[in-house]
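Here the structure is laid out as structure tokens; the discussion comes afterwards.
Derivation of every value follows stated rules applied to the coordinates shown; laboratory data play no part. Please read these numbers as outputs of a predicted model, since none were measured by experiment. Counting neighbours? That spans all protein chains shown, and the Cβs are built from the backbone with ideal geometry, glycine included.
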Amino acid sequence: MGPALILIYISIYLGLVATAFYVLGYHSDKKKKKQLFTDAELPKVSIIIPVWNEEKSVARTLESIFSSDYPSKKFEVILVDNNSKDKTMQIAKKIQQKHTKLKIYHETKQGKGCALNLGIKKASGDIIFSMDADTLVEPQSVKEMARYFKNPEITSVTPSMLIYKPKGILQRVQQAEYLFGLFIRKAFTSVNGIHVTPGAFSAYRKTFFDKYGGYDENNITEDLEMSLRIQYEGHSIEYSPESPAYTIAPNTFKALMVQRRRWYAGLMRNTWKYKGLISPKYGDLGIFILPIAWISIFFSVFIINYLAFNMITNFHSELILLNKVNFSFAGFFSISTYAIERILFGIISNPVIIFLLFFVVLLGVYMKFATKKVGKVKGLPATVVLYFLFFAIFFGFWWTISVIYVALNKKIKWR
């Protein structure tokens with residue numbers, strides 16, 4: 001057995017350990033009794049929406065948040081324009097005539113963090129929600145998230161993030177990724193292991209910003225930096241499965257590549273910034289969740305590249321051997337058919353692939369459990385298959401590009 005196979009089997013073992021941890025964590029959190037606000041006890045909330053050239057989605061987002069069933073006297077929406085050049089502000093001001101709870105401000109300093117920080121300064125709520133201008137929520141989402149703040153140890157609450165009406169392979173693959181994330185969040189919350197608060201929609205205690213400052217205005221993933229800072233300062237992050245929030249996912253490979261390059265580069269830089277989190281001091285987050293996350297990333301990229309290289313090399317060797325014995329194909333179609341047959345044989349006969357198929361079945365089970373609180377998800381079986389076929393390839397490519405950008409200290413663009 002070569003070094004490569006040893007690494008692969010180590011990764012399989014770690015995957016099984018992680019799976020056991022997720023399942024136990026999921027069931028452990030289900031048994032916990034949560035401290036929740038009643039309707040009469042709900043605190044005042046401020047929804048902050050930074051916008052920059054969002055004419056295509058801002059109206060839909062504002063109508064979505066104003067459809068919330070939150071008590072109107074305890075609810076305000078703050079839209080912060082960040083130098084939009086399109087019709088975003090014309091649309092927002094028209095909606096403001098209908099919804100007087102909407103307050104509009106302008107931040108001339110460019111950057112999402114800058115816009116959010118201005119919104120926090122203007123907010124009068126005890127709970128701050130950050131919301132992207134292309135996010136949609138269910139009527140109960142704000143209320144259900146706010147309930148968790150009755151527990152004084154909770155500093156942030158995350159929703160059930162989903163893809164809005166996914167179409168095509170790219171969006172369906174992302175939908176599967178988000179569904180898997182719901183199950184993981186449920187498992188992580190049992191040990192205060194959540195370390196990502198989605199910028200698309202998350203809630204925070206305003207007192208945390210008052211004490212530790214607002215968003216890092218120079219950070220390319222300001223939401224990730226904030227969640228790691230919350231954990232670093234010894235606070236807790238909760239997950240509200242009853243609060244669906246929908247984001248419009250990239251539908252082109254280029255747009256998705258730009259998004260993931262920013263996410264992964266931000267993850268690398270912020271993990272280094274808060275490297276002190278990888279410590280027994282932070283419990284399961286420090287000794288298991290964060291280390292396993294990075295080990296999993298390494299093994300995932302390695303395995304995909306190894307399997308792809310191995311299949312291509314073996315196929316090339318077989319073609320050379322067949323050529324030496326004067327075997328000739330009828331044409332390109334014949335070669336393609338032979339290639340497919342060899343690839344399928346390699347998949348069926350490879351024990352590593354069998355384990356991967358086992359994990360795919362588990363993934364489907366995870367997603368089924370994850371959708372219990374958010375309702376039926378259409379086309380779930382097909383979504384799982386597409387995720388298995390394409391996500392690992394995309395994942396390896398995104399990470400390779402992101403590592404190169406960080407290593408060369410290249411500028412990461414938002415869009």
Next item on the list: Order the peptides 206-212, 404-410 from the highest to the lowest mean number of other Cβ atoms within 10 Å of their residues.
Entry: 206-212, 404-410
Check: Going highest first, how would you order 97-109, 282-294 by mean Cβ packing within 10 Å?
Finding: 282-294, 97-109
Checklist line | Model label zone, Ala407; criterion: amide N under 15 Å from point 7 Å along Cα-to-beta-carbon; scope segment 254-283 | finding: 265
Next item on the list: Rank-order 169-175, 183-189 by packing density, defined as the average count of other C-beta atoms within 10 Å over each peptide's residues, highest first.
Entry: 183-189, 169-175
Check: Say each of Asn218 and Asn251 gets a label point 7 Å from the Cα, pointing the same way as Cα to Cβ; how far apart are those two points in nm?
Finding: 3.8
Margin query: Between segment 248-280 and segment 148-204, how far is it from one alpha carbon centroid to the other, in angstrom?
Written below: 15
Notebook entry, point to check: If the chain between Ala382 and Glu177 were fully stretched, how many nm would it gain, using 0.36 nm times the residue separation less the Cα-Cα distance?
Noted result: 72.5 nm
Next item on the list: Starting from the amide H of Ser84, placed 1.01 Å from N in the peptide plane, find each other amide H under 5 Å away whose residue is 5 or more places distant or on another chain.
Entry: Asn53
Item checked: Contour excess over end-to-end distance, with Cα ends at Asn151 and Lys167 and 0.36 nm allotted per residue -> 1.9 nm
Margin query: Going by amide H atoms built from the backbone, whose H comes under 5 Å of the H on Ser243, apart from near neighbours?
Written below: Ser160
Next item on the list: Express in nm, to one decimal, how much length is gained between Trp414 and Phe288 on full extension, taking 0.36 nm for each residue of separation and deducting their alpha carbon distance.
Entry: 42.3 nm
Notebook entry, point to check: Non-local amide H neighbours of Ile78 (under 5 Å, H modeled in plane, Pro and chain starts lacking H): which ones?
Noted result: Ile47, Ile48, Ile49, Lys103
Checklist line | Phi to ³J(HN,Hα) by Karplus 6.51 cos²θ - 1.76 cosθ + 1.60 over segment 228-244, Hz, x for Gly, Pro | finding: 5, 5, 4, 5, 4, 8, x, 9, 10, 10, 10, 10, 10, x, 7, 10, x
